[in-house]
Amino acid sequence: MQTHVLGFPRMGAARELKFALERHWRGELSASDLAAVGRDLMVRHWNVQRDAGLTYVTVGDFSFYDHVLDTAVMFGLVPGRFAALDRPLFPDVLFAMARGDADRNLPAMDMTKWFDTNYHYIVPEIAPGMTPRLGRATVVDDARLAVSLGHRPKAALVGPLTFLSLCREEEGADRFELLPGIMATYRELVQQLSPLCPVIQIDEPILCTDMERQAKAYFRPACEMLRAAAEETRLVLATYFGGLGSNLDLALSSGFDILHLDATRAGHELSEVARRLPPAMSLSLGLVSGRNIWKTDLARAVETARGMADLLGPDRVMVGSSCSLLHCPVDLERETALDPVVRRTMAFAVQKCREAAVIAEAAEGWDHAAILSRTAADLAAGRDNPQARDPAVRRRLEGVVPTMLSRKSPFAERKKAQQERLGLPLLPTTTIGSFPQTAAIRAARLALRRGEMDQSAYRAAMQAAIADAVSRQEALSLDVLVHGEPERNDMVEYFGQMLAGFCFTENGWVQSYGSRCVKPPVIFGDVSRPHPMTVDWIGHAQSLTEKPVKGMLTGPVTILNWSFVREDIPRSEVCRQIALAVRDEVLDLERAGVPIIQIDEAAFREGLPLGRADQEAYLTWAVECFRLAASGVSDATQIHTHMCYSEFGTIIRWIAAMDADVISIECSRSRMELLSVFGEFEYPNDIGPGVYDIHSPRVPGVEEMAGLLRKAMAVIPADRLWVNPDCGLKTRDWPETMASLKNMVVAAKALRAEIAAGQ
Ligand code: GLN
Ligand code: ZN
C-alpha cells in the first residue's frame, strides 16, 4: 500500500516563513534570501515525509503567500492594474496582488475562506480578454529539486474545476469561456511535471460541494485532457472536506488512476465507492485527519485499510491524510508544557505523516502491535480524563428552555428603545473592535508572560492603552466607541484562556492568510466561565466617556470553529456549553452599564458543511447558540454581531434568524457586491457594510468611502445603515488608522448632509 499526505504546512515549526516574509516586506530581507528560506523549508518538510516512511513527498504545496494566487499567476491571470507594474512578477507583483500597493494606491485582490477552513485564499479575477498562458511554474522547479535530492515527488495542483469555480468574474467576463485556455496550460504543466513525478495530485475539493451545472459539464472533458497529457504518470483526483454525494458518478468516471476520499468525513461513502470503483482505479483513503490535532484511532484505521485491501487488493489501496496538513500545526515534539494526559491524545503534522505510514504497514501485516496498543491506551486515557467532565455544566445545559433563545420584543420595538437610550445620528460611525496593537502593548503582554511585569503594572498599561484609544476616538468624533481590545492577543485565545475546558499549545500555529498564523485553543473538556472575562476593561472604557461604548465578545460558534475541538461529544453540544458561558458575560456587561454589546461571529460561515444535505442541521444549532448567548438582555441593550469574508447568499435567512440588532460585514474588497444579497432578501435589521479594507495599509479616501456608502444606500435604507471598517484594526498602525477613520467620519457626515439636503 502506498502512502502520502496531501500537503504539509508551509510556515515551519518555528514560523520561519512568517518571519522571513515580514522581514522582506520591511525591506530587511532580499527576494533571493526569502526564496532561500522557502527552499530550506520545502526540503525540511520533504525529509519529514521521507523519514516517516511515506511513499511520496508532496511538492507544489509550498507557497510564499497562497497557492490559489500562485496558480493564477502561473497561468498568467494577472489583473491589468498589477500587470502594469513595471516590477518582477516574483515576488513584487505577487505580493502587490495579495496585499495591495500603497505607493500606487492599488487595492489588494479579494480574499476569502478556503472551503470550510480558516485558511484564506486570494480570489483570482477573470476579466474580459484575459488569455491564460503558462508562465513560471514553481512547482516544476520544486519537483526538479526534490528529484535531485533523491525524493520521489508527487506534485499537487489546484484542479481546473476548483480553480475556475473559485475565480471571480469581472463585468463582461465568463469564466468558463476561459476553460479551453486554462486546460491548455494545465496540459503543458502536466507534460512538464510527468517526467519528474510518478504521481500528480489534482485537488478538486469542489466535488464535495453542490457544484455549478457548468462545472459539472466540463469536468469529464477536463479530466480526459489531463489524463492524456500525463502519459505514464498516475493521476490522483483528490477530494476532501466532505463526501462526494451526487458527484460520486462524476468522480468515478474521471478516468484518473486514483480517487482520494476524505475518510474522516465521507466514511459512509467508502463501501459504495469500493463497490463501484472502476477496475483501473485505485482508492486513496484519507484516514488521518488534516483538520484536527488528535491521534488517529490506529486500530480502526488499520481495520478500514485492511477491509479495503481485501476488497480491492492491496496495490489498489493508498493511505493518506484526509486533506492537506496545512490546517494543523507542525510538530508535537515542541510542546513541553501541555497536560500530559491531553498531550498523549495529540498528533501534529509530523506525527500524522508517521500515522499514515503505520496504518498502511500494519494493514499489510507488519508487526506494529506495540504502537497500536500504546495509541489505544492514550486515547482511552483521554476519554476517561476526569478533567474533561463537569456535571454542573451538563445539568445547566439540560435546563435551557426556549424562552432563553429569544429577545423580549421584536426588532422594531427594540430599535425604538435603543434609539431613545443612545440618541445616535443617521449613519452612525463605529469600528469593529480592535485598535493597533502597538509595540508598547505587545511588550507589556510579553513582560507579563515572562514574569517581568506584575499584574497591577500590566493592568495599568492596558488601562492606559484603553484611555488612549478612547481619547483618539473622541477626537475622531466617532459615534460608538470601543475599548480597543489591547488585552487580547487573539479573539478566541483570550476567551479560551479564561474558560474552563480549554488548554493551549506553545507552537500550535496554523496559517490563516499570508504570513498570518493563528494558534487555535484546544477544547478538551466541558466548558464553563469561572469569572467575568471582559467587564473590567470595557467598564473602564465606558467610565472615561459620555459616548456609548460597545463591548466586545467572541461568539460561541466562532470560539468553536476556531478551536481544535474534542470529538467524544457532538460539536453542537460543545457549542451550547460555550454559548452559556458567553451569555453570562453578556449579562455581566449589561449590568455594568455597557449599552451595546458586539458578539463577533467571524467564523460562523466556515463551519458550514460543504454538502447541502448537512447544512441545515449545522445552521439550526449554530443560530440557536448565538441566540442563547445574546438573548438574555433587555430591549434597550443593543446587540451587534460581526462577520468578515463571508458569502451570505444561501444562508442569509439564517443570518437574519440570529436577530442581532446590527450586523457588520466585510464589503469594501468586493465593492459592496455582498450587500446585494442583503437587499434582495430584505434583511430586516441594521447593517454596517465595511467601507474600509483593513487588510491593506492603504488609506482609503473620503470620496471612495462615500461612493461605497452611496452604493449601499441604493440597497439598504439609510436609517438602517452603519458606517464602519471591514474588520478590526489590530494589525494596522495608528497613523494610517487615524487617517482612514478620519476620512470615514468625513464621508459619513457628507452623506448625512446629502440626505438632509435631499429631504
Ligand atoms: N472584534 C474583533 C476585532 O476587531 C473582530 C475580528 C474579526 O472579526 N476577525 O479584532
Ligand atoms: Zn472581522
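Dipole of region 617-759 computed with +1 at Lys/Arg Cβ and -1 at Asp/Glu Cβ about the Cα centre; of MET713, ALA739, CYS644, farthest Cα towards the positive end is ALA739. Projecting the Cα positions of GLN49, GLN759, VAL341 onto the charge dipole of the chain (unit charges on Cβ atoms of Lys, Arg, Asp and Glu, taken about the Cα centre) puts VAL341 furthest along the positive direction. In sequence order, region 63-74 has phi-based couplings of 7, 7, 9, 6, 6, 6, 4, 4, 5, 4, 5, 4 Hz under the Karplus curve 6.51 cos²θ - 1.76 cosθ + 1.60, θ = phi - 60°, and Gly or Pro positions carry x. Only helices enter the 222 nm calculation for the chain: every DSSP H run of n ≥ 4 contributes -39,500 (n - 2.57), and dividing by all residues gives -13000 deg cm²/dmol, rounded to 500. Quick check on region 316-432: take the gyration tensor over C-alpha atoms, sort the square-rooted eigenvalues as a ≥ b ≥ c, and tell me if it's rounded (a/c under 1.5), prolate or oblate. Verdict is prolate for region 316-432. Per residue, the Cα convex hull of region 1-45 amounts to 73 Å³.
Taken over region 442-578, the alpha-carbon convex hull comes to 139 cubic angstrom per residue.
Helix 439-449 and the longest principal axis of the Cα set of the chain meet at an angle near 70°. FRET efficiency for the pair GLU398 and GLU647, taken as 1/(1 + (r/R0)^6) with r the Cβ-Cβ distance and R0 = 45 Å, rounds to 0.80. I'd like to know which of GLY525, THR620, ILE663 lies farthest towards the positive end of the charge dipole of the chain, counting +1 on Cβ of Lys and Arg and -1 on Cβ of Asp and Glu. Result: GLY525.
Both radii were evaluated on the Cα set of region 138-244; the Rg over Rh quotient, with Rh as the Kirkwood radius, amounts to 1.00.
Between ALA369 and ASP103, the modelled label-to-label distance comes to 6.8 nm, taking each label 7 Å out from Cα in the direction of the beta carbon. Note on the chain: antiparallel DSSP beta bridges, both residues inside, total approximately 15 percent of the bridges counted. Size estimate for region 364-476 follows the Kirkwood approach: the inverse of mean 1/r over distinct Cα pairs works out to 21.3 Å. Distance from the Cα centroid of region 397-437 to that of region 297-325 is 51 Å (rounded to whole angstrom). Once both axes come from the Cα atoms, what is the angle between helix 369-383 and the longest principal axis of the chain, in degrees from 0 to 90, rounded to 10? It works out to around 20 degrees. In this structure the amide hydrogen of VAL57, modeled in the peptide plane, comes within under 5 Å of the amide hydrogens of ARG152, LYS154, none closer than 5 places in sequence on its chain. Between the alpha-carbon centers of region 225-294 and region 1-17, tell me the distance in whole angstrom. Taking the Cα centre of each part, region 225-294 and region 1-17 sit 21 Å apart.
In terms of the mean number of neighbouring beta-carbon atoms within 10 Å, the peptides 56-67, 651-662, 402-413, 360-371 order highest first as 56-67, 651-662, 360-371, 402-413. About its Cα centre, region 561-685 has a charge dipole of approximately 140 debye under the convention of +1 per Lys or Arg Cβ and -1 per Asp or Glu Cβ, with nothing else charged.
Shape summary of region 686-759, radius of gyration then Dmax from alpha carbon positions: 12.4, 40 Å. Whole-Hz Karplus values for region 331-344 come out as 9, 5, 4, 7, 8, 10, 9, 6, 4, x, 5, 6, 4, 4 Hz, taken residue by residue from phi with 6.51 cos²θ - 1.76 cosθ + 1.60 and θ = phi - 60°; glycine and proline positions read x. Expressed as a whole percent, how much of the Cα-Cα distance distribution for region 270-316 exceeds 14 Å? The answer is 53 percent, as a whole percent.
Helix 298-312 and the longest principal axis of the C-alpha atoms of the chain enclose an angle of approximately 50°. Expressed as a whole percent, the proportion of Cα-Cα pairs in region 626-759 lying more than 25 Å apart is 28%.
Taken over the chain, the percentage of Cα pairs per 10 Å bin, counting from 0 up to the bin with the maximum distance, is 3, 14, 24, 26, 20, 10, 3, 0, 0. Placing +1 on the Cβ of every Lys and Arg and -1 on the Cβ of every Asp and Glu, with no other charges, gives region 514-557 a dipole of roughly 200 debye about its Cα centre. Close amide H contacts of MET111 (hydrogens built in the peptide plane, cut-off under 5 Å, sequence separation of 5 or more or a different chain): VAL123. Using θ = phi - 60° in the Karplus curve 6.51 cos²θ - 1.76 cosθ + 1.60, the 3J(HN,Hα) couplings for region 590-598 round to 4, 4, 7, x, 7, x, 10, 10, 9 Hz; x is entered for Gly and Pro. The alpha carbon gyration tensor of region 331-388 gives principal lengths a ≥ b ≥ c with a/c of 1.5 or higher and a/b no greater than b/c, which makes the shape oblate. Placing dummy labels 7 Å off each Cα toward the beta-carbon, the span from ARG144 to GLU224 is 3.3 nm.
Coordinate range of the alpha-carbon atoms in region 410-479 per principal axis, descending: 51, 27, 16 Å. Given their separation in residues at 0.36 nm each and the Cα-Cα distance between them, SER271 and ASP51 gain 76.0 nm when the chain is fully extended. In terms of its C-alpha gyration tensor, region 637-699 comes out oblate, because a/c is 1.5 or above while a/b does not outweigh b/c. Once backbone amide H atoms are built at 1.01 Å from N, MET318 has LEU283, SER284, LEU285 as its partners under 5 Å, excluding neighbours fewer than 5 places away on the same chain. Panel values: region 104-163, Kirkwood radius from alpha carbon pairs, Stokes-Einstein at 4 °C and 1.567 mPa s, translational diffusion coefficient 87 µm²/s.
We did not get these values from a lab; they are worked out from the coordinates using the rules stated. The shown structure was predicted, so the numbers you read here are calculated from the model rather than taken from an experiment. A quick note on method: Cβ atoms are made from the backbone with ideal geometry, for glycine too, and the neighbour counts reach across all protein chains shown.
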